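The values are calculated or read from the model by the stated rules, or taken from the named source; none is laboratory data. Predicted, not measured: the structure shown is a model, and the values here were computed from it. For neighbour counting, all protein chains shown are included, and Cβ atoms are generated from backbone atoms with ideal geometry for every residue, glycine included.
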Amino acid sequence: MTIDMTIDPLILAGAKAKGKRPAFLELPESDRLLSMVMALASDVAVMRERLDTVERLLDSKGVISRADIEDFKPDRDAAYERGLLHRELVARLMRGVQQDMESLVETEQSLEALSQELRDS
């Protein structure tokens, strides 16, 4: 793997999208924390794929080089398994947010029920 020393990762990390930053949670601090956690989760997912590559290559070859890792292309089954791992990771990460959203839906009355309640009163 060749590292391009002309690219500054700090400058790239500071790049901003155009427009207003989307808000998902009530507090801006919570949104920033969520953003950091999701960035870390992305790195974890990449590391898991790389580890999966190393394990598969070791199983098939016994000894590997960095080039073997960089050149590895997962077959259809490996890609499917990796996709499942990504979905499981995202589901675990987002479970708290999902539970909060589910509790909001459970407490809201349907439009029909609210309409009937207003007619009955």
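Any residue at all in the stretch 101-111 that is within 29 Å of the chain's Cα centre (by Cα), of a type in the set (Gly, Ala, Ser) and modelled with pLDDT under 80?
Of the residues in the stretch 101-111, the ones within 29 Å of the chain's Cα centre (by Cα) are 101-108.
With the extra rule that they be of a type in the set (Gly, Ala, Ser), the set shrinks to 103.
Add one more test, that the residue is modelled with pLDDT under 80, and what stays is 103.
Checked the stretch 101-111: at least one residue is within 29 Å of the chain's Cα centre (by Cα), of a type in the set (Gly, Ala, Ser) and modelled with pLDDT under 80.
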Open item on the list: Cβ-Cβ distance below 7 Å, separation of 6 or more or different chains: which pairs start in the stretch 54-65 with a residue that is touching a residue at least 24 places away in the same chain (Cβ under 8 Å) and within 13 Å of ALA78 (Cα to Cα) and end on one that is among the basic types (Lys, Arg) and part of a helix (DSSP H, G or I)?
Closed with: none
TODO: Please indicate, with yes or no, whether at least one residue in the stretch 73-80 is at pLDDT 90 or above, surrounded by 10 or more Cβ atoms within 10 Å (Cβ to Cβ) and hydroxyl-bearing (Ser, Thr, Tyr).
DONE: yes
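What residue, among those in the stretch 17-60 that are small (Gly, Ala, Ser) and either part of a loop (DSSP other than H, G, I, E, B) or over 16 Å from the mean Cα position of the chain (by Cα) (or both), is farthest from LEU93 (Cα to Cα)? Give the steps one after another, and end with the answer.
First, the residues of the stretch 17-60 that are small (Gly, Ala, Ser): 17, 19, 23, 30, 35, 39, 41-42, 45, 60.
Within this subset, residues satisfying the condition of being either part of a loop (DSSP other than H, G, I, E, B) or over 16 Å from the mean Cα position of the chain (by Cα) (or both) are 17, 19, 23, 30, 60.
Values: ALA17: 24, GLY19: 26, ALA23: 18, SER30: 14, SER60: 33 Å.
Of everything passing the filter in the stretch 17-60, SER60 is farthest from LEU93 (Cα to Cα).
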Task: Odd one out for VAL97 among (1) free of Cβ contacts under 8 Å to residues at least 60 places away in the same chain; (2) under 27 Å from ALA23 (Cα atoms) - done: (1)
